[in-house]
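First the structure, in the form of structure tokens, and then the observations on it.
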Amino acid sequence: MTVIVRNHVVTAGAGLKPMIFAHGFGCDQNMWRFVAPAFEADHLTVLFDHVGAGKSDLSAYDAGKYSTLEGYADDLVEIGRALGVGGGVFVGHSVSAMIGVLASLKAPEMFESLVLVGPSPRYIDAEGYHGGFTAQQIEELLASLADNHMGWSAAMAPAIMGNADRPELGEELTNSFCRTDPAIARQFARTTFTADNRADLAKVTARTLILQCSDDIIASEAVGAYVRDNIPGSEMKILQATGHCPNLSAPAEVIAAIRDFI
Amino acid sequence: MPGPAAEDLEDLYENAPCGYLSLGRDGRIVKSNQTLSRWLGIAPDALVGKRLRDLLSTAGQIFYETHFAPLLRMQGYFDEVALDLIRADGTPLHVLANAAERRDSEGELLFTRVTVFRATERRRYERELVDATETAQAETRLSKGLLLAEHEAAELREQFIAVLGHDLRNPLAAIDGGTNLLMREPQSEKSQRVIGLIRGSVLRMSGLIDNVMDFARGRLGGGLQLNRSLKPLLPTLAQVVGELRTSYPEREIELHLDAAAEVEADHARLAQMFSNLLANAITHGAADQPVRVDAVLRAGELELSVANAGPPIPPEAMAQLFQPFYRSNPNSRVQGLGLGLYIASQIAQAHGGRIDVTSDATETRFTFRMPQA
């Protein structure tokens, strides 16, 4: 099986500097549907689903491989190599910001620039580091995933009703977006929220832009500043957008910030 | 407080049987109803300015921000989302929430409406379903694991038996050869008796090893291989009787059969089966009564029976007799492994026949029947 099928890789546009967009924990590549099209005129855009998410091949899910972000980074490198990406731009949201950091260390030639949206190298507080969550809170999250997946699947498989306000969202999308096998969701949550990639930040050689939302409880401004201070030469831009998903809530602002940077 | 005389919209909003929340474009609460305030124990004024996620636990907030918030933004609504709101007293309020965004003609978000339904019972029921599923899965995993372990243990045991059988045969053959050699030379009377006892023991042990080997082979998938031939029955049976008479000189064995009868069978196997039945009768039968063997060939059937006197087989033991490793008295050291009758019945089956038992106060009789052309 090719990585293209495994990760449901979708490309569009054309241009000298390819851009790979990576989604975070919780959803799939549709996370970028308001942002990626803006770059199709000048770039080859590459969207994909992490294995276990969206329309990826669930049979390729290997609990061992994906118990660390390295496993996801290896997939990202494979996708980049399969498409012959070199000197490209990586745009990663949430946990994928760190997956992109790891991939850029594995294959430094692949990305000349990294755009990290709401990055966090470690979610759990540590000595001298404020990640935003205690270990206990993360354990509660993992427990509540186990606890709530009934409610979760009830939320994800409602009778599909027409959406007059947003006709561009077909039934197919309504069905798949954010829908994850509960067992895989739990694993991915554990991998994401127990990771510690602080030591990797200093090794980054690509130009790096951090897009930091205001009022983001998942990755606070202090965490964004930590990433900026530890990735050599990186810059951080604070967005007006609030919450953890500016790519959905304020796509225009995100597009403008990325365009300025690249 | 007197209720409204007719339906009025203000009252419908405030006291509807569900909670209402409206969020401004910044996601903060601008309006909520009395029902929700009652459920939460938080006054409507105190809710204004909060975000929906402020009403959730930290874990709930992460889940909301990574799943439901994007879902709402992507679809413009979400339905049947399970949330745990935190009441003023810190206890969770289990709810199902629906939400819908309202946008202007430019697509700009105006506000978001959220409807909240209590779902405590439903959540408990779902929780129980999940628990039941997990329990069932755990049990399945456990029994699969046990099955595997049992299978491995059984395989190991049978390999062990097979190896042991081979290793026992060699020294036994040496003892047999040695006594043979001694018997060709003049011996004192006492020595002759001792040599006779040794040969009897060798014979018995050899029978036990044969049984163990057959058992191991049968279980290891080789099964019983037959080498049939048409031969007189008498020499086959007489040899077995002779061997057992040597081992149990004090016991009386009567053999009744038509000397001319010929039987098509694997005679070595037939001898083994007969030896097992006869040894069984000698071991369990009354010591002062003869063991009687009858062999009749008639109407296309061989009927060979071994009968002994003595106490009857208890009814509850009947069903177990032909099971491997079955012993009427597990503490007894003279009964061997409990394979004799099992092997005998396997040999009978291999010949297309069967062994039946009758047992009463007068006699216990094992009867082997097999078809003959």
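The values are calculated or read from the model by the stated rules, or taken from the named source; none is laboratory data. None of these values were measured; they are calculated from a predicted model. Heads up, the Cβs are rebuilt from the backbone with ideal geometry, glycines too, and the neighbour counts pull from every protein chain shown. Side chains are part of the model used for accessible areas, which takes the heavy atoms of the whole protein and leaves out ligands, DNA and RNA. Shrake-Rupley method; radii C 1.70, N 1.55, O 1.52, S 1.80 Å.
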Open item on the list: Can you find a residue that is within 7 Å of chain A (Cβ to nearest Cβ), over 18 Å from B:Leu93 (Cα atoms) and in a helix (DSSP H, G or I) anywhere in the stretch B:46-64?
Closed with: no
Task: Residues (in a loop (DSSP other than H, G, I, E, B) and open to solvent by less than 10 Å² (accessible area, probe 1.4 Å)) located in the stretch A:86-98 - done: A:Ser94
Open item on the list: Name the residue that is surrounded by the most Cβ atoms within 10 Å (Cβ to Cβ), counting only residues in the stretch A:116-142 that are polar (S, T, N, Q) and part of a helix (DSSP H, G or I).
Closed with: A:Gln137
Open item on the list: If I ask for residues that are in contact (Cβ under 8 Å) with a residue 60 or more places away in the chain and away from every other protein chain (no Cβ under 14 Å), which ones from the stretch A:27-51 would you list?
Closed with: A:Ala38, A:Phe39
Task: Output for the stretch A:206-262, where each listed residue is in contact with a Gly (Cβ under 9 Å, 6 or more places away or on another chain), among the polar types (S, T, N, Q), farther than 26 Å from B:Ala69 by Cα and surrounded by fewer than 21 Cβ atoms within 10 Å (Cβ to Cβ) - done: none
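Would you call B:Leu40 open to solvent by less than 10 Å² (accessible area, probe 1.4 Å) and more than 28 Å from A:Glu139 (Cβ to Cβ)? Quick ask: steps written out before the conclusion?
Details: open to solvent by less than 10 Å² (accessible area, probe 1.4 Å): yes; more than 28 Å from A:Glu139 (Cβ to Cβ): no.
So B:Leu40 fails the test.
For every residue, the table says whether it meets (1) crowded, with 19+ Cβ neighbours inside 10 Å; (2) not small (Gly, Ala, Ser).
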residue	(1), (2)
B:Leu12	no, yes
B:Ala16	no, no
B:Ser22	no, no
B:Leu83	yes, yes
B:Gly90	no, no
B:Leu93	yes, yes
TODO: Just give me the residues in the stretch A:186-221 being under 21 Å from A:Asn247 (Cα atoms) and among the aliphatic types (A, V, I, L, M), in sequence order.
DONE: A:Ala189, A:Leu209, A:Ile210, A:Leu211, A:Ile217, A:Ile218, A:Ala219
TODO: Being within 12 Å of chain A (Cβ to nearest Cβ), in contact with a Pro (Cβ under 8 Å, 6 or more places away or on another chain) and under 16 Å from B:Leu56 (Cβ atoms) is the filter here, so list the residues in the stretch B:77-118 that pass it.
DONE: B:Asp84
Task: Sole residue being open to solvent by less than 10 Å² (accessible area, probe 1.4 Å) and within 14 Å of chain B (Cβ to nearest Cβ), chosen from A:Gly54, A:Gly24 - done: A:Gly24
TODO: Considering only residues that are of a type outside the set (Asp, Glu) and open to solvent by 10 Å² or more (accessible area, probe 1.4 Å), look in the stretch B:65-75 and name the one that is nearest to the other protein chains (Cβ to nearest Cβ).
DONE: B:Arg73
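Determine if the stretch A:61-84 includes at least one residue that is within 14 Å of chain B (Cβ to nearest Cβ) and either buried (at least 23 other Cβ atoms within 10 Å of the Cβ) or part of a loop (DSSP other than H, G, I, E, B) (or both). Steps first, answer last, please.
The first filter runs over the stretch A:61-84 and keeps only residues within 14 Å of chain B (Cβ to nearest Cβ), leaving none.
No: the stretch A:61-84 contains no residue that is within 14 Å of chain B (Cβ to nearest Cβ) and either buried (at least 23 other Cβ atoms within 10 Å of the Cβ) or part of a loop (DSSP other than H, G, I, E, B) (or both).
What are the residues in the stretch B:39-61 that are aliphatic (A, V, I, L, M) and touching a Gly at 6+ places or on another chain (Cβ under 9 Å), if any? Break it down stepwise before answering.
First, pick out the residues of the stretch B:39-61 that are aliphatic (A, V, I, L, M): B:40, B:42-43, B:46-48, B:52, B:55-56, B:59.
Passing the criteria: B:Leu40, B:Leu52.
At pLDDT below 85, surrounded by fewer than 19 Cβ atoms within 10 Å (Cβ to Cβ) and not in a loop (DSSP other than H, G, I, E, B), is that true of B:Ala317? Walk me through how you get there before you give the answer.
Numbers: at pLDDT below 85: yes; surrounded by fewer than 19 Cβ atoms within 10 Å (Cβ to Cβ): yes; not in a loop (DSSP other than H, G, I, E, B): yes.
The answer is yes for B:Ala317.
Any residue that is over 20 Å from B:Ser359 (Cβ atoms) and within 35 Å of the chain's Cα centre (by Cα) - is there at least one of those in the stretch B:284-291?
Going residue by residue through the stretch B:284-291, those that are over 20 Å from B:Ser359 (Cβ atoms) are none.
For the stretch B:284-291, residues over 20 Å from B:Ser359 (Cβ atoms) and within 35 Å of the chain's Cα centre (by Cα): absent.
Report whether or not B:Glu108 is assigned by TED's automatic domain parsing to the domain that holds B:Leu55 and at pLDDT below 85.
Numbers: assigned by TED's automatic domain parsing to the domain that holds B:Leu55: yes; at pLDDT below 85: yes.
Answer is yes for this residue.
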Task: Cβ-Cβ under 6 Å pairs, at least 6 apart or on other chains, the stretch B:135-159 side open to solvent by less than 100 Å² (accessible area, probe 1.4 Å), far side in a helix (DSSP H, G or I) - done: B:Glu158/B:Ala216; B:Glu158/B:Arg219
Task: In the stretch B:65-118, the residues that are among the charged types (D, E, K, R) and assigned to a strand (DSSP E or B) - done: B:Asp79, B:Glu80, B:Asp84, B:Glu101, B:Arg102, B:Arg103, B:Arg113, B:Arg118
Task: Where a residue in the stretch A:189-200 is open to solvent by less than 10 Å² (accessible area, probe 1.4 Å) and its partner, wherever it lies, is outside any helix (DSSP H, G or I), with Cβ under 6 Å and at least six apart - done: A:Thr192/A:Phe25; A:Phe193/A:Tyr123
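Mind telling me which of the residues B:Glu243, B:Glu250, B:Glu303 ends up being part of a strand (DSSP E or B), of a type in the set (D, E, K, R) and either open to solvent by 60 Å² or more (accessible area, probe 1.4 Å) or in the same structural domain as B:Ala350 (by TED's automatic domain parsing) (or both)? Walk me through how you get there before you give the answer.
Working: B:Glu243 fails: part of a strand (DSSP E or B); B:Glu250 fails: part of a strand (DSSP E or B).
Only one candidate qualifies: B:Glu303.
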Task: Checklist (1) open to solvent by less than 10 Å² (accessible area, probe 1.4 Å); (2) part of a helix (DSSP H, G or I) applied to A:Ser113, failing item - done: (2)
